[in-house]
Amino acid sequence: MALTAYCKKCGREVEAGEVCPFCGTRLGKTSAHVVWCEEVTPVRDWMSWNAVLRVLLPAVLAVLLLILLLEGFSGGMAAVERLLASGLLVTLAILLGTALALVMLILLLQGPELADYTVDNRGIHETRYLPNPTAVKLLTRLKSPALAREAQGRVPVVKTGERSIAWRDVARVQLWPEKCMVLIYAPSWWMRIAVACTPFTWDDTLGIIRNKLGKKKKVLLPPALVIPPAPAKPKTKPQAQLVPEVEEAIEQIRMEELMEEQG
């Protein structure tokens, strides 16, 4: 079962509902959540590359623009044209290719890791774990090699990172159904968490997101997550009420007409 709830009395995950099927304890409406684990190989994970490219490419463009602006202020357009003709773009392309090759080597040395996801009433939470840690894997993740020695003698797993985002902070949600992925943005131009779902948890995850964000007009949502507003009830005009004296007069006239008909 993908959608579950935590029973505090039993101390275990149970099927989501109003009461615990084992002990009968009432489960809160906010106790339902979806929890799953995914194995991620950074060198083959597009989101790992995306985290690097969205910083590296703007940095290269900023350096190029800065060089062109300084050259233009000092020598005018002629100096800019000479600089471009001298092979500046080729040099930057070589440097960018070298940087990408270095990034690929680093991601390759990192090895696979485990990503735990939790979608609950508070928000979306992601925790990364590194199984069988080594000094090289930790250094490529900018972690101390001492963590590998501390993991010896017990379960060989090291927590390498943790991220969370509350529902109130979400500004945009984007769906990638082909990859079963939900992209969470905060603000709307910056991706905070890429939630890698499984086919088994996809519908339940979208259901919780829809319940939490579907009615918020300030959040940019795909049509699949928008809850349409309830149809407005037609307004009925109140019937005019007569003054009691007028009602009595009308009733008296009706009685007189009825008596004349019978007479």
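The values are calculated or read from the model by the stated rules, or taken from the named source; none is laboratory data. The model shown is predicted, which means the values in this text are computed figures rather than measured ones. All Cβ positions, even for glycine, are placed from backbone atoms using ideal geometry, and neighbour counts span all protein chains on display.
Annotations for the structure displayed:
- Single residue of segment 32-80 satisfying the filter (hydrophobic (A, V, I, L, M, F, W, C) and in a strand (DSSP E or B)) that is surrounded by the most Cβ atoms within 10 Å (Cβ to Cβ): 34
- Only one of the listed residues (61, 95) is under 23 Å from residue 190 (Cβ atoms) and hydrophobic (A, V, I, L, M, F, W, C). That residue is 61.
- Test: residue in segment 118-126 that is in a loop (DSSP other than H, G, I, E, B) and among the acidic types (Asp, Glu): yes
Residue by residue, here is whether (1) at pLDDT 90 or above; (2) buried (at least 16 other Cβ atoms within 10 Å of the Cβ); (3) farther than 30 Å from residue 218 by Cα holds:
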{"residue": "132", "(1), (2), (3)": "no, no, yes"}
{"residue": "148", "(1), (2), (3)": "no, yes, yes"}
{"residue": "157", "(1), (2), (3)": "no, no, yes"}
{"residue": "163", "(1), (2), (3)": "yes, no, no"}
{"residue": "170", "(1), (2), (3)": "yes, yes, no"}
{"residue": "193", "(1), (2), (3)": "yes, yes, no"}
{"residue": "196", "(1), (2), (3)": "yes, yes, no"}
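- All positions within segment 170-210 that are over 9 Å from the mean Cα position of the chain (by Cα), part of a strand (DSSP E or B) and aromatic (Phe, Trp, Tyr): 176
- Residue 219 under 21 Å from residue 39 (Cβ atoms), modelled with pLDDT of 90 or more and surrounded by 19 or more Cβ atoms within 10 Å (Cβ to Cβ): no
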